[in-house]
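Asker: The structure is given below, and queries will be raised subsequently.
The values are calculated or read from the model by the stated rules, or taken from the named source; none is laboratory data. Just so you know, these numbers come straight off a predicted model, no measurement behind them. In this analysis, Cβ positions are derived from the backbone assuming ideal geometry, glycine residues included, and neighbour counts consider all displayed protein chains. The accessibility values were calculated without ligands, DNA or RNA, using every heavy atom of the protein model including side chains. Shrake-Rupley method; radii C 1.70, N 1.55, O 1.52, S 1.80 Å.
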Amino acid sequence: MRKRRTLAALAAVALAVPLVACGGTPGSGGDSKKLTFFSWDGEETMKPLIAKFEQDNPGTKVEFSNAPPVAEYISTLQSRILSGTAADVFVIAAENKTNLINGKHVVDLKDKPFLKNVPKFNQATYSGPDGAVYGMSVASWGAGILYNKDLLAKAGATTIPQTWDEFLALCKKLKDAGVTPYLESVQGMSTPLSAFLGAESRASGDTMDTKIFDGSAKFKDYWVEPLTQWSRLWTEGLVTRNVVGLTGDQVRTEFVTGKAAMMIAGPWDVPGVRKAAPKLNIEMAPIPGISGGKPYLAGAASPGYAINAKAKNPEAAEKFLTFLDTPEAMAIYQKATGAITVTTDFQPTLDPALTPIVKDVRAGNVYLPQIAWKRAEDILNVEATAQLQLLVQGKATPEQVANALDTKLASTS
């Protein structure tokens with residue numbers, strides 16, 4: 001309950017006080033030489049790209065603002081859309097794509113030349129039922145487990161676990177050796193849980209979410225076993241329940257200082273880990289499988305760039321997306337983020353630690369509930385996060401979590 005109140009308060013603040021960087025009110029005025037851009041990437045990531053775009057388009061200035069993902073970004077964007085101050089270009093994500101598309105707040109990009117370099121998987125992620133494409137996604141991601149191989153070796157482990165039982169056994173061995181075995185932040189959707197569900201969805205012929213949302217099945221029909229397996233980290237005493245208060249940055253700090261042997265990570269984590277601990281022997285791998293299933297990755301096409309249907313400078317917005325699709329822009333973006341970019345005319349140089357996941361990520365063999373859900377992604381995501389935290393704290397059972405999601409979905413019908 002406390003977490004839900006906190007999220008509600010956060011959303012209220014974001015609605016009341018839109019975050020603005022680099023001056024001015026996003027979307028204000030009609031200056032043909034000004035482009036407004038709202039992102040959930042920070043200024044450190046986007047500033048080099050914006051500087052290059054401005055250099056290539058003399059006289060055009062980009063007014064940039066950002067808010068951190070996920071809840072704060074989405075609520076801030078929604079506030080700006082409702083007040084008519086949304087930027088010309090903004091990020092469309094898993095958690096808000098249905099609202100943006102159904103609300104007709106974004107422009108169809110299907111026939112734009114810059115989409116030719118974008119794979120069908122990424123286009124389909126941000127497409128509507130009419131086949132229109134509303135976001136230009138230039139990368140994909142897969143999240144798995146990042147291993148400190150030296151700490152594993154000290155505990156006698158020479159291979160990466162392939163099954164969840166093997167993984168839990170490794171956690172016990174590391175804990176017995178006096179090492180924190182594993183950490184993940186639970187301030188959002190769980191990566192292992194998403195991977196378990198992805199394998200379940202693939203086994204069902206990718207019908208799992210369709211059945212849940214057309215009413216022929218329920219969350220409890222599919223989620224209870226994955227939730228039970230994930231919760232073994234705490235029910236078997238392998239990980240402290242205090243992780244409920246950890247942020248991703250705090251988890252990363254524990255890992256780079258050698259205090260934790262394994263952490264949940266995506267490609268974006270690797271550059272920071274390398275910078276903080278360049279000698280660390282690391283490797284990323286998919287989440288080990290449950291119930292006889294193969295290892296799988298949480299993941300999706302990365303958030304895309306969308307053009308506001310009420311953009312004050314649509315011409316500059318198209319120029320900006322055209323620029324973001326170029327090999328030169330991709331090189332700048334990839335260097336800053338470590339992303340697995342997917343545009344066909346740019347080949348990124350990726351960290352060797354990512355090698356075990358790259359093929360599956362590029363092939364779209366990844367799953368994220370918020371992408372697969374057919375409606376109310378933002379509402380369900382908030383509910384799921386709150387329920388997962390209760391599960392970690394021992395205040396809810398897997399059955400109760402699944403039932404809560406069924407109840408929340410019913411309330412949105």
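Asker: Can you report the number of residues in region 83-125 which are assigned to a loop (DSSP other than H, G, I, E, B) and within 21 Å of Thr412 (Cβ to Cβ)? Full working, then the answer.
Answerer: Here is the first cut: in region 83-125, the ones assigned to a loop (DSSP other than H, G, I, E, B) are 84-88, 93-96, 103-105, 107-112, 118-119.
Now narrow it down to the ones that are within 21 Å of Thr412 (Cβ to Cβ): 93-96, 103-105.
Final tally of qualifying residues: 7.
Asker: Looking at Ser75, Ser39, can you tell me which residue is farther than 16 Å from Asp88 by Cβ, open to solvent by less than 20 Å² (accessible area, probe 1.4 Å) and out of contact with any Pro (no Cβ under 8 Å at 6 or more places or on another chain)? So that I can check it myself, show each step before the final result.
Answerer: Numbers: Ser39 fails: farther than 16 Å from Asp88 by Cβ.
Just one listed residue meets the conditions, Ser75.
Asker: Could you list all residues from region 135-150 that are part of a strand (DSSP E or B) and closer than 26 Å to Leu197 by Cβ? It would help to see each step written out before you state the result.
Answerer: Quick first cut of region 135-150, residues part of a strand (DSSP E or B) only: 136, 139-148.
Once the filter is applied, which keeps residues that are part of a strand (DSSP E or B) and closer than 26 Å to Leu197 by Cβ, region 135-150 yields Ala139, Ser140, Trp141, Gly142, Ala143, Gly144, Ile145, Leu146, Tyr147.
Asker: The conditions are (1) in contact with a Leu (Cβ under 9 Å, 6 or more places away or on another chain); (2) assigned by TED's automatic domain parsing to the domain that holds Gln187, and Pro271 fails exactly one of them. Which is it?
Answerer: In the conditions (1) in contact with a Leu (Cβ under 9 Å, 6 or more places away or on another chain); (2) assigned by TED's automatic domain parsing to the domain that holds Gln187, Pro271 misses (1) alone.
Asker: Please go through region 225-260 and give me each residue that is over 23 Å from the mean Cα position of the chain (by Cα) and within 17 Å of Lys149 (Cβ to Cβ), ordered by number.
Answerer: If the condition is that a residue be over 23 Å from the mean Cα position of the chain (by Cα) and within 17 Å of Lys149 (Cβ to Cβ), then Thr257, Gly258, Lys259 are the ones that fit.
Asker: Now, a different point. Among the helices (runs of 4 or more DSSP H) confined wholly to region 181-236, which include 2 or more residues that are closer than 20 Å to Pro161 by Cβ?
Answerer: Numbers: elements: 191-203, 208-214, 219-235.
Those helices (runs of 4 or more DSSP H) span 191-203, 219-235.
Asker: Filter region 161-187 down to the residues that are surrounded by 19 or more Cβ atoms within 10 Å (Cβ to Cβ) and small (Gly, Ala, Ser) and list them by number.
Answerer: Selection gives Ser185 alone.
Asker: Can I ask one more? Quick one: Thr341 ticks every box in (1) touching a residue at least 12 places away in the same chain (Cβ under 8 Å); (2) over 24 Å from Val186 (Cα atoms); (3) open to solvent by 20 Å² or more (accessible area, probe 1.4 Å); (4) not aliphatic (A, V, I, L, M) bar one, so which box is it?
Answerer: For Thr341, the failing item is (3).
Asker: Additional query: Are any of the residues in region 153-160 touching a Leu at 6+ places or on another chain (Cβ under 9 Å) and open to solvent by less than 10 Å² (accessible area, probe 1.4 Å)?
Answerer: Looking for residues that are touching a Leu at 6+ places or on another chain (Cβ under 9 Å) and open to solvent by less than 10 Å² (accessible area, probe 1.4 Å), one finds none in region 153-160, hence no.
Asker: Continuing with this model, one more query. I need the strands (runs of 3 or more DSSP E) fully contained in region 258-308, keeping only those with at least 1 residues that are more than 30 Å from Lys104 (Cα to Cα) and open to solvent by 10 Å² or more (accessible area, probe 1.4 Å).
Answerer: Numbers: elements: 260-265, 282-285, 297-301, 304-307.
Passing ranges, in order: 260-265, 282-285.
Asker: Need pairs with beta-carbon distance below 8 Å; first residue free of Cβ contacts under 8 Å to residues at least 60 places away in the same chain and within region 118-133, second polar (S, T, N, Q); sequence gap 6+ or separate chains.
Answerer: Pairs that qualify, where the first residue is free of Cβ contacts under 8 Å to residues at least 60 places away in the same chain and the partner is polar (S, T, N, Q), are Gln123/Ser137; Val133/Gln123; Val133/Ser127.
Asker: Could you list, in sequence order, the residues of region 162-180 that are part of a loop (DSSP other than H, G, I, E, B) and more than 24 Å from the chain's Cα centre (by Cα)? Spell out how you get there, then give the answer.
Answerer: Let us first name the residues in region 162-180 that are part of a loop (DSSP other than H, G, I, E, B), namely 162, 177-179.
Residues satisfying the conditions are Ala177, Gly178, Val179.
Asker: List every residue pair whose Cβ atoms sit under 6 Å apart, with the two residues 6 or more apart in sequence or on different chains, where the first one lies in region 92-105 and is under 18 Å from Val70 (Cα atoms) and at pLDDT 95 or above and the second, anywhere, is in a helix (DSSP H, G or I) and open to solvent by less than 40 Å² (accessible area, probe 1.4 Å).
Answerer: Ile92/Leu100
Asker: Here's something else I'd like to know. Test each condition in (1) closer than 21 Å to Val366 by Cβ; (2) basic (Lys, Arg); (3) modelled with pLDDT of 95 or more for Lys175 and report the one that comes out false.
Answerer: (1)
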